[in-house]
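> Let me begin by handing over the structure; questions about it come next.
The values are calculated or read from the model by the stated rules, or taken from the named source; none is laboratory data. Just so it is clear, the structure is predicted and the values come from calculations on it, not from any experiment. Every residue, glycine among them, receives a Cβ derived from its backbone with ideal geometry; neighbour counts consider all protein chains shown. The protein model used for the area step is the full one, side chains on, heavy atoms only, and it has no ligands, DNA or RNA in it. Shrake-Rupley method; radii C 1.70, N 1.55, O 1.52, S 1.80 Å.
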Amino acid sequence: MDFTAVGKTDRGLVRVNNEDEFYLDEKLGLLVVADGMGGHASGEVASKLAVNVIRDYFQGPQKLIGRSNPAYSEATNKLNCAIRLANQAVYEVAQSSPVLKGMGTTIVAVLLTGNKLSIAHIGDSRAYLIRAGNIDQLTDDHTMVNEQVRRDIITKEEADRSEMKNVLTKALGISAKMEADLDELTMFGDDTLFLCTDGLNTMVTDETVLKIIAHTGDFDAACDLLIDAANKKGGKDNITVVIGHIKKKKWYAALFKFLEFFRR
């Protein structure tokens, strides 16, 4: 599939540092977003280290390490393996220094292999699918209030207003073993992927995200508009957005290739 991707990050209007990190590789079909946490500059260390480990894994031999999940494809198991290695790296570095102890990061990563999408995440950074004029969240936030919503203890509206909405129940690097939630999806031409940290989705509604991406016509400009929208709402956190798009093949291009094949 013909896959293109863009991404941008911004400090926001309140935070002193930017603890977000992202990585994209159009050739591999790999998109990664992380939101670090911890005192001093340790959040920056955690997110950057996690993203770099995942990047390096896919630039290497991509050996499967640890137990594979037979319910998922090899590509999804590789993505899961990369996140396991990232968790181990962040945890070990955090244990090596009192200044870094307790640091961690969210992580959301997608990997496009052919027309199959692998999804893995820990924390509350999100992945969305935009298809046929609709936007659907592909990941579930690992937060205390989202767990309460799932158990029907509080409503989604109450969760959005809760002062505890940013309290994570899972984060990469805070323990020696941390497993990501996995999923898979079949992709089609003209599908768009959207990844973000909570500095975006807590400031901007899903409907606004859909409107900006669908009507801008330029994904690089859409990233700027999304960040600007979050900052206009207060920019209370670091903001990172990544957009990946699968180009829709023209029928006549396929026909031309077909005819060229028989001319040889």
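> Hey, could you check the stretch 42-65 for residues that are among the small types (Gly, Ala, Ser) and buried (at least 19 other Cβ atoms within 10 Å of the Cβ) and say which is modelled with the lowest pLDDT?
In this case the residue turns out to be Ser42.
> Please state which one of Glu21, Glu44 is out of contact with any helix residue (DSSP H, G or I) (no Cβ under 9 Å at 6 or more places or on another chain) and either assigned to a helix (DSSP H, G or I) or not small (Gly, Ala, Ser) (or both).
Among Glu21, Glu44, only Glu44 is out of contact with any helix residue (DSSP H, G or I) (no Cβ under 9 Å at 6 or more places or on another chain) and either assigned to a helix (DSSP H, G or I) or not small (Gly, Ala, Ser) (or both).
> Next up: Answer with yes or no whether Ala46 is closer than 19 Å to Leu168 by Cα and touching a residue at least 12 places away in the same chain (Cβ under 8 Å).
yes
> Could you check how many residues of the stretch 70-94 are farther than 26 Å from Leu117 by Cα and touching a Lys or Arg at 6+ places or on another chain (Cβ under 7 Å)?
Residues in the stretch 70-94 being farther than 26 Å from Leu117 by Cα and touching a Lys or Arg at 6+ places or on another chain (Cβ under 7 Å): 1 in total.
> If Glu92 meets every condition in (1) of a type outside the set (Val, Ile, Thr); (2) open to solvent by 60 Å² or more (accessible area, probe 1.4 Å); (3) under 27 Å from Gly189 (Cβ atoms) apart from one, which number is that one?
With respect to (1) of a type outside the set (Val, Ile, Thr); (2) open to solvent by 60 Å² or more (accessible area, probe 1.4 Å); (3) under 27 Å from Gly189 (Cβ atoms), Glu92 is out only on (3).
> Let me spell it out: the conditions are (1) at pLDDT below 95; (2) within 27 Å of Asn115 (Cα to Cα); (3) surrounded by fewer than 14 Cβ atoms within 10 Å (Cβ to Cβ), and Asp190 meets all of them except one. Which number is the exception?
(1)
> I would also like to ask the following. Have a look at Val14, Val33, Val6 and point out the one that is under 30 Å from Lys233 (Cα atoms) and either part of a loop (DSSP other than H, G, I, E, B) or acidic (Asp, Glu) (or both).
Testing whether each residue is under 30 Å from Lys233 (Cα atoms) and either part of a loop (DSSP other than H, G, I, E, B) or acidic (Asp, Glu) (or both) leaves just Val14.
> Test of understanding: among Lys177, Lys101, which residue is within 21 Å of the chain's Cα centre (by Cα), assigned to a loop (DSSP other than H, G, I, E, B) and farther than 27 Å from Ile243 by Cα?
Lys177
> Can you find a residue in the stretch 116-129 that is open to solvent by less than 70 Å² (accessible area, probe 1.4 Å) and more than 18 Å from the chain's Cα centre (by Cα)?
no
> Only one of these conditions is not met by Asn69: (1) buried (at least 19 other Cβ atoms within 10 Å of the Cβ); (2) farther than 27 Å from Lys236 by Cβ. Which number is it?
The single condition Asn69 does not satisfy is (1).
> Quickly run through the stretch 147-182 and pick out the residues that are modelled with pLDDT of 70 or more, crowded, with 19+ Cβ neighbours inside 10 Å and not small (Gly, Ala, Ser).
Leu168, Lys170, Leu172, Ile174, Met178
> Please go through the stretch 202-224 and pick out each residue that is open to solvent by 60 Å² or more (accessible area, probe 1.4 Å), under 29 Å from Val167 (Cα atoms) and touching a residue at least 12 places away in the same chain (Cβ under 8 Å).
Passing the criteria: Glu207, Asp224.
> Also: Does the stretch 72-81 contain at least one residue that is open to solvent by less than 20 Å² (accessible area, probe 1.4 Å) and in contact with a Phe, Trp or Tyr (Cβ under 8 Å, 6 or more places away or on another chain)?
yes
> Look through the stretch 95-108, keep the residues that are among the aliphatic types (A, V, I, L, M) and either in contact with an Asp or Glu (Cβ under 7 Å, 6 or more places away or on another chain) or open to solvent by 10 Å² or more (accessible area, probe 1.4 Å) (or both), and return whichever of them is farthest from Phe58 (Cα to Cα).
For the stretch 95-108, the residue satisfying everything is Val99.
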